[in-house]
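Written out below as structure tokens is the structure these notes cover.
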Amino acid sequence: MSTFDIRPVTSNEQRAATNTVRAALLTGAANDEVLAEERETAGEGDFLAAWEGDRCVGHVGAFHFDTTVPGGDRLSTAGVTDVGVLPTHTRRGLLTALIEQLLGNARDAGTVLASLRASESPIYGRFGFGLAGDTVAAVINPRRARPLRFERQPGTMRLLEIGEVLTTVPPIYEESRWRVGTVNRNEWLWKFRLRTASEPNKERHGKGVYVAVHTNTEGEDDGYVHYETEWDEGYACNIGGKGRVLDLAGTTPDVELALWEYIIGIDLVESWQAEPRPVDDPIRLAMYDVRAYETRQRLDEQWVRLLDVDAALSKRSYGPTDREVIIEVTDPMFAENNGNWTISESGAQRTDRAADLGVDIATVSATYMGGVGWTDLAASGLLPNASARAVADLDFLFAIRPAPFSGTMF
Ligand SMILES: CC(C)(COP(=O)(O)OP(=O)(O)OC[C@H]1O[C@@H](n2cnc3c(N)ncnc32)[C@H](O)[C@@H]1OP(=O)(O)O)[C@@H](O)C(=O)NCCC(=O)NCCS
């Protein structure tokens, strides 16, 4: 490792750093437009590169986010991103060195959690990340879904003009973060996500990208759905339109149902693809025929690592239950995270008392968001020697509904 120099990326080095990540992720060199977009994000996080002489051979980054955790607090989060090592330099310990430094810096800066979306699932467990929540990809047949089984919401829907999209959507999203696992979306991330919805379309036919907003009876915008549609006029008699729900958020689950009602009622669309969606997507059970909602794929979504175990455990809620369990956490990367904590409905406290159950950092991180059950981990053989009683009690303490879901890729 001594031949590699690891240091923060300067503005002069950004092109090399970006192209290293792109080479690792199988994408060609960036043009000036892409580099300009990358520059916009430079101040939004910490970015480290590994150099061999004047060649950038590896890179990792972490955006500064916050994440909603059980109980509703929003905890500072290192959103790990842009991870790549040149194919000529893999399996020499470069990622290990880069990520240890990145996570160490984030912890020193007081960041409580780290979170990422993985290209491949076996990569990050060794660095203390646990799989804390899944998503599904769904295909929805609107004809079979109708009539929906809930009472109609007394609000209105309107389609946004392209010039309103970037100012209207972000504040609604922020008010709609009731699900555990959601992260804040910075301005650059919104620009990236909403680019096609906020620019005119040069094609005569083809894809349309829209945002429709729900407004409540007090005149407040309280939900939006961002979607694409495609319909080939030339073959109107034979081919139905296709739609894709890219993002859907409302300040309450009821508003989200109203947004779905709008989507499912759009003429000419015979099939909707919706991705990513939470594993417990409420619209499914509201359909006339639940098989109108076909789950095509279930994927790992958020990989979470507790950087500061004491802060993380003490800032989430537990229960309600009268159970109490003492866990012993082991973390080979950060000595301060080793220790015992009493977990009960009143919170988590460090303790010197003997533990009921020992758990490594990746496993406790997997359970933290409340969507991955201790019982499930034990059933998969991932909690060897744990007593059935402690495992069951931890489920009473940690489990939450609705399931955690982020819906944000970074
Ligand atoms: C994933 C990647 C960054 C790993 O970098 P690297 O420098 O080769 O990783 P390291 O040498 O530090 O590997 C550390 C350990 O992780 C293992 N590992 C690394 N990448 C792995 C992978 N993709 N799958 C399984 N194990 C992997 C290594 O075998 C090694 O294990 P060991 O300690 O038991 O020998 C690199 O392979 C890469 O750039 N891949 C393509 C881009 C990508 O997928 N980026 C991640 C985006 S989320």
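Laboratory data are not the source of any read-out in this text; all were calculated from the coordinates shown. Model, not experiment: these values are computed from the prediction. Note that we place each Cβ from the backbone using ideal geometry, even for glycine, and neighbour counts take in every protein chain shown.
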Under the rule a/c < 1.5 gives rounded, and otherwise a/b versus b/c splits prolate from oblate, where does segment 306-398 land using the Cα gyration tensor? rounded
Options Trp341, Gly243, His214, ranked by Cα towards positive dipole end of the chain, top entry (Cβ charges): Gly243
State the number of lysine pairs found in the chain whose Cα atoms come within less than 21 Å, restricting to pairs 8 or more positions apart or on distinct chains. 4
GNM on the chain, C-alpha springs below 10 Å: top fluctuator among Trp190, Trp272, Trp341? Trp190
Using a Förster distance of 60 angstrom, determine the FRET efficiency expected from the C-beta separation of Arg7 and Arg146, and round it to 0.05. 0.55
Rounded to whole angstrom, the alpha-carbon centroid of segment 296-316 lies from that of segment 196-267 at a distance of 31 Å
Cα Rg, Dmax (largest Cα-Cα span) when computed across the chain, Å: 23.0, 73
Counting other beta carbons within 10 Å of each residue's own, what order do Glu218, Glu230 fall into, fewest first? Glu218, Glu230
In terms of the Cα gyration tensor, with a ≥ b ≥ c the square roots of its eigenvalues, is segment 147-264 rounded because a/c is under 1.5, prolate because a/b exceeds b/c, or oblate? oblate
Among the chymotrypsin sites (Phe, Trp or Tyr not before Pro) in segment 32-139, which ones are in a DSSP loop with at most 11 other Cβ atoms within 10 Å of the Cβ? Mind listing them? none
Determine the calculated [θ] at 222 nm for the chain from helices alone, applying -39500 (n - 2.57) to every DSSP H run no shorter than 4 residues and normalising by the residue count; nearest 500 deg cm²/dmol. -7000 deg cm²/dmol
